[in-house]
Structure formats: C-alpha cells, structure tokens
Amino acid sequence: MVPNKDTATQTWNGVLSILGSPVPPKQQAAIFKIAATLPGIETEELKDATGKSGIAVTRVDNRGPGGAISRESLIFDKTSYVLLGGQELVPGQGRELWSITRPQISAYSRPGPSP
C-alpha cells in the first residue's frame, strides 16, 4: 500500500508489481480482467515493441513533468490475455515500448549410443 494514493492507483501498482515476476498464463488473464475494471482505465488496441497487436489496459495519470498527462499501458494477447508487453507515453519525454520474450521449449531427443 502506498500512502496518499487512491484505491485504483494502489491496485494498478499491485498489478504492475505482480506482473514483474513470472505469472502463469491463466493468472495473467485474471489480472487483465481485474485491471480492465479499475476506475480510470481505458482499453484500446496497441502494439508491443515487436509490433504484435494486442488489447491494452491503459492508466492515464497526471504524474508527468509539469503535471503532463502520462499513459501507462499493459498489452495483452487478444484471445488468451497473456501479457505481451507494455507502453508508457509521457509528453516531453517520449514513448517507451517493451515486450515479454518467452523461450521456446522444444522436445529434446537424447542421442543413442554410438555404433
């Protein structure tokens, strides 16, 4: 909990904190559903840093320099709601994009004995 912050801001900060560590896909979908219902949250279509399109939950805040409006977005896959990445847009400072990379797990075949 952050003193002097409203419940929606505290919940948003909790969502960011949780997503900062590995979270199973089903829980990521649940986090999307919670974040999308917070007061002041907008949903929109955005692309992550790799160009993959997804549905974003965006928090608009006036914490930018000089009270400028900043937009902080978490971008999720449109069907599975797995987190793809995010975006932060702060006037006067630009836009920061990021993506989640997941290693591909492939079947491992153990070599047999040499003849």
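Bear in mind these aren't lab numbers, they're just calculated from the coordinates by the rules spelled out. Keep in mind that this is a model prediction, so the values were computed, not measured. Don't worry about glycine lacking a Cβ; one is built from the backbone with ideal geometry, like all the others, and counts go over all protein chains shown.
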Restricting to Cα pairs under 8 Å and 6 or more apart, the percent relative contact order of region 1-58 works out to 25 percent
Given 43-50, 89-96, the highest-first ranking by average Cβ count within 10 Å works out to 43-50, 89-96
For Ser70, the residues 5 or more places away or on another chain with a placed amide H closer than 5 Å to its own amide H are Asp61, Asn62, Arg63, Gly64
Here region 82-92 yields Karplus 3J(HN,Hα) values (6.51, -1.76, 1.60; θ = phi - 60°; whole Hz; Gly and Pro given as x) of 6, 5, 9, x, x, 8, 10, 10, 10, x, x
Long-range amide H partners of Ile41, meaning residues 5 or more apart or on another chain whose placed amide H is closer than 5 Å, are none
Once both label points are put 7 Å beyond Cα along the C-beta direction, the Glu44-Arg95 separation in nm becomes 0.9 nm
Full extension between Ser17 and Ile34 adds, at 0.36 nm per residue less the Cα distance, a length in nm of 4.7 nm
